[in-house]
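Heads up, the thing below is written out as structure tokens.
The values are calculated or read from the model by the stated rules, or taken from the named source; none is laboratory data. Everything numeric here is computed off the predicted structure, so don't read it as measured data. We place every Cβ from the backbone using ideal geometry, glycine too, and count neighbours over all the protein chains shown.
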Amino acid sequence: MNDENKSLENSIMDLNNDDVEIRKKAAEEIGKSGDFNGIEPLIEAFNDENPEVRFQAAKSLGLIGKPAVTPLINALKSDKNGNIKKYATLALKDIGDTSVVNNLIEVLDDENFAVRKFAAKSLGEMGDKKALNPLIETLTDEDWGVRMAALKALGDLGDERAVDPIKKARRAARGDKDFKKVANKALKKINK
């Protein structure tokens, strides 16, 4: 076994260490290695008790790139508790492969509000106009944070077709100064 394989194997074992910092560093090292053998262990790390470890695992999968897309989509579809979906969404956004946009759009309907919020944010950052109408629909989501993420995402998309729906959502948000402020920022971004 060569040194790279041994190093990867050690990092994978360190993902189960009791020390949070060691687990975070292990996830980071796996990402830097770019080795596709680290994909499944990183996806499993989305279940880690520590959010920093989960976040680092997502970032590392983003570094590994294209080879991680299919396993991440499979994880997205099979997850029942939400954690895997949230972090898989982040990783897919970081990879930036527009072939996953439809998968992220599907997640906008997830029962978990945090998953919907992560998906909206990711779709905005990816900038694919296919997400425009689904994000407009998300402006009426029952969760305030999801609606805010959709506003920001629509601003990021910069498509003028979002102007009227944003104005309508802003009017409907009576007394919600924060929502109105984010809506105004989104409108400014679109009207640049």
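Against the conditions (1) outside the structural domain of LEU42 (by TED's automatic domain parsing); (2) in a helix (DSSP H, G or I); (3) out of contact with any Pro (no Cβ under 9 Å at 6 or more places or on another chain), GLU142 satisfies every one except (2). Would you check which residues across the stretch 28-82 are surrounded by 14 or more Cβ atoms within 10 Å (Cβ to Cβ), assigned to a loop (DSSP other than H, G, I, E, B) and over 15 Å from the mean Cα position of the chain (by Cα) and list them? Of everything in the stretch 28-82, those that are surrounded by 14 or more Cβ atoms within 10 Å (Cβ to Cβ), assigned to a loop (DSSP other than H, G, I, E, B) and over 15 Å from the mean Cα position of the chain (by Cα) turn out to be ASP35, ASP48.
In this structure, does ARG116 turn out to be surrounded by 17 or more Cβ atoms within 10 Å (Cβ to Cβ), assigned to a helix (DSSP H, G or I) and within 11 Å of the chain's Cα centre (by Cα)? Considered against the rule, which asks whether it is surrounded by 17 or more Cβ atoms within 10 Å (Cβ to Cβ), assigned to a helix (DSSP H, G or I) and within 11 Å of the chain's Cα centre (by Cα), ARG116 comes out as yes.
Inspection of the stretch 159-166 finds a residue satisfying the criterion of being within 23 Å of LEU92 (Cα to Cα), in contact with a helix residue (DSSP H, G or I) (Cβ under 6 Å, 6 or more places away or on another chain) and either not assigned by TED's automatic domain parsing to the domain that holds LYS77 or not hydrophobic (A, V, I, L, M, F, W, C) (or both). Could we say that LYS85 is of a type in the set (D, E, K, R) and surrounded by 22 or more Cβ atoms within 10 Å (Cβ to Cβ) here? Criteria met by LYS85. Would you say ASP94 is touching a helix residue (DSSP H, G or I) at 6+ places or on another chain (Cβ under 9 Å) and not in a helix (DSSP H, G or I)? So ASP94 does not fit the description; no. Scanning the stretch 122-139 for residues that are in a helix (DSSP H, G or I), surrounded by fewer than 22 Cβ atoms within 10 Å (Cβ to Cβ) and either touching a residue at least 12 places away in the same chain (Cβ under 8 Å) or touching a Ser or Thr at 6+ places or on another chain (Cβ under 7 Å) (or both) yields GLU125, LYS129, LYS130, LEU132, PRO134, ILE136, GLU137.
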